[in-house]
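The values are calculated or read from the model by the stated rules, or taken from the named source; none is laboratory data. Being a predicted model, the structure only gives us computed values, none of them experimental. A quick note on method: Cβ atoms are made from the backbone with ideal geometry, for glycine too, and the neighbour counts reach across all protein chains shown. Keep in mind that these areas ignore ligands, DNA and RNA; they rest on the heavy atoms of the full protein, side chains included. Shrake-Rupley method; radii C 1.70, N 1.55, O 1.52, S 1.80 Å.
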Amino acid sequence: MVREQIGTSNEIYLPFIYSLFCFVLIANLVGNIPYSFVITTSAVVCLGLSFTIFIGVTILGLSIHNLAFFSFFIPSGTPLILVPMLVIIEFISYLARAVSLGVRLFANLTAGHSLMKILSTFLYQMFNSSLIISILTLIPFSLFISLVGLELAVSFIQSFVFCLLISSYLKDAIDLH
């Protein structure tokens with residue numbers, strides 16, 4: 001993934017991306033343990049992580065390209081009269097990347113873990129009722145088990161997508177488009 005996104009000449013970022021992937025993956029997988037606290041379902045943690053990484057990527061771009069980094073905010077071939085307006089729009093778009101990175105991780109995992117908690121509580125109540133209802137609860141329980149598998153897959157996918165987007169943002173900062 002790092003070679004495809006950033007290129008072979010920038011493989012020095014592989015340990016960072018790998019560590020980030022492992023951190024997010026382990027945090028997501030811990031959330032599949034019933035009634036455990038998941039740090040990636042905290043908006044402060046997800047947004048803090050994404051903004052910290054984004055500030056680091058911006059500093060990296062500034063250190064590599066100096067003031068030429070700001071050409072990132074002006075699309076090529078832009079008429080001079082539109083430059084002030086486009087710089088503002090592109091800057092807001094640039095900041096929205098950091099927000100969307102954190103919100104995507106937070107929202108997807110919070111939704112999945114909330115659904116799991118609600119369904120597990122419901123099934124627990126159903127199993128603790130009469131014998132006939134307990135036997136009939138085996139059907140929704142089998143669906144719940146398949147949702148657990150889906151939630152495990154979401155944990156891996158969200159870790160991968162988070163690191164893929166970070167790699168893409170690193171490439172943009174290194175290559176300026």
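Here the range 46-90 and the range 114-162 have alpha carbon centers that stand 44 Å from each other.
Averaging the sequence gap over all C-alpha pairs within less than 8 Å and six or more residues apart, then dividing by the number of residues, gives the range 35-128 a relative contact order of 46 percent. Of the residues 95, 164, 109, the one that moves most in a GNM of the chain with alpha-carbon contacts below 10 Å is 95. Binning the alpha carbon pair distances of the range 130-170 at 5 angstrom intervals from zero yields the distribution 6, 19, 15, 12, 12, 9, 8, 6, 5, 4, 2, 1, expressed in whole percent. Residues in the range 131-176 average 53 Å² of solvent-accessible surface per residue, probe 1.4 Å, ligands and nucleic acids excluded. With axes computed from alpha carbons, what is the tilt in degrees of helix 43-65 against the longest principal axis of the chain, rounded to the nearest 10 within 0 to 90? Approximately 20 degrees, to the nearest 10. For the range 22-78, applying the loop criterion from DSSP together with a ceiling of 13 other beta carbons within 10 Å to the chymotrypsin sites (Phe, Trp or Tyr not before Pro) yields 35, 37.
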